[in-house]
1. Checking residue 77 against (1) at pLDDT below 95; (2) in a helix (DSSP H, G or I); (3) loosely packed, with under 15 Cβ neighbours inside 10 Å, which single condition isn't satisfied?
2. Answer yes if at least one residue in region 298-309 is in contact with a helix residue (DSSP H, G or I) (Cβ under 6 Å, 6 or more places away or on another chain), under 25 Å from residue 196 (Cα atoms) and not assigned by TED's automatic domain parsing to the domain that holds residue 193, and no otherwise.
3. Going residue by residue through region 191-209, is there one that turns out to be surrounded by fewer than 24 Cβ atoms within 10 Å (Cβ to Cβ), more than 22 Å from the chain's Cα centre (by Cα) and either in the same structural domain as residue 379 (by TED's automatic domain parsing) or on the phi > 0 side of the Ramachandran plot (or both)?
4. Return yes or no: is residue 142 over 27 Å from residue 58 (Cα atoms) and surrounded by fewer than 21 Cβ atoms within 10 Å (Cβ to Cβ)?
5. Every residue in region 279-293 that is under 12 Å from residue 137 (Cα atoms) and not in a helix (DSSP H, G or I), please.
6. Only residues that are in contact with a strand residue (DSSP E or B) (Cβ under 7 Å, 6 or more places away or on another chain) and either over 18 Å from residue 351 (Cβ atoms) or not assigned by TED's automatic domain parsing to the domain that holds residue 368 (or both): list them for region 421-443, please.
7. Would a scan of region 350-358 turn up a residue that is more than 12 Å from the chain's Cα centre (by Cα), assigned to a helix (DSSP H, G or I) and more than 26 Å from residue 210 (Cβ to Cβ)?
8. Check whether at least one residue in region 290-299 is surrounded by fewer than 20 Cβ atoms within 10 Å (Cβ to Cβ) and under 22 Å from the mean Cα position of the chain (by Cα), and report yes or no.
């Protein structure tokens, strides 16, 4: 049978736009549907606006630190939340247009409407019905609210970017990327912040040394921590809120922010009409080549709930388009994916944690912790941590971790070495740039400890 499109992509975020754009560049007839906003979560209610807010929060600290360097009258003034949000909105609007133009520029057909399956090859896009030989699901994820009394009184990350005023007191539930990043944002802009989380330390899944450094840094900037705790209910108190903890403690706030989980955005897609299987949590299940249980339907990005990172989603979209329409798959390394948490200060990591490496065999740990030069002058209580995880038998660097200013910028470069399989000896042969924090990655000589093995 004839189809309207060779490829139809449901979702105009990072994964979907890249997949559609590369497929169209290969000569495919491509349609892409987006029912909310072009660029998806990252551009609109995720990494891009979040980093703008992080940078805004840092300026107040920079002004305070300037005093130590001889600047007089440099103290931070009163922050204008409305001006920040307006500036953020202008940048997001610019990026929205860019994403749509990228598709139109290569001849893809753009639909600004929700899409849903009618059967394995037919899709309803708003009031239009189309058919496609191949279909890609790239609808991303969405924040989840806990199933507790009063959950509707709280906000999720989508809402945080559109608050008409900055709350003076915020209770945040969670301790992952979003939770610790917004804790730094709100605290840096002057709010009182309480962080409630179920684990003993924040950032479950990260290297333990990084998790401990994060907890210490949060306390140093004035965030109150409630580890091994949970919010059992939220109550209204006039115009404010009360977070009721599971142990009965009550925390009064202007805002309760739920940052305790995300789920696949599959509601309303009509996946049952196409026969596409999902997990118990609703994520689209895939096998090799991002293929679902229906051979011509693929899924990429956060909707699969695997490595939920924007660059991974983009890489998957590119690789899939190359595979389907150029007969080759671009070689991306998904085994050692670098990632960063834009907390205050940030952390970044690539490769294995100490715990994961130790489970594989004997591992040497190199670690240093120091006050960066800037803060020996500013007096701010802030430390930098740098760590290498090295396989003892081969000398290969299995993991590199950093907590401290500029960590994301530095680890991006280190990730190339880790991806290439560099050894500790090759790190040692590299001349450092002095004075920098980054040079510590090539000057670590003393083994801090050895873990793993029999």
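1. Here residue 77 meets the rest and fails (2).
2. Yes.
3. no
4. The answer is yes for residue 142.
5. Within region 279-293, 283, 284, 285, 286, 291, 292 meet the criteria.
6. Matches in region 421-443: 437 only.
7. No: region 350-358 contains no residue that is more than 12 Å from the chain's Cα centre (by Cα), assigned to a helix (DSSP H, G or I) and more than 26 Å from residue 210 (Cβ to Cβ).
8. Taking every residue of region 290-299 in turn, none turns out to be surrounded by fewer than 20 Cβ atoms within 10 Å (Cβ to Cβ) and under 22 Å from the mean Cα position of the chain (by Cα).
The values are calculated or read from the model by the stated rules, or taken from the named source; none is laboratory data. All values derive from a computational prediction rather than experimental measurement. Cβ coordinates were reconstructed from backbone atoms using ideal geometry, including for glycine residues, and neighbour counts include every protein chain displayed.
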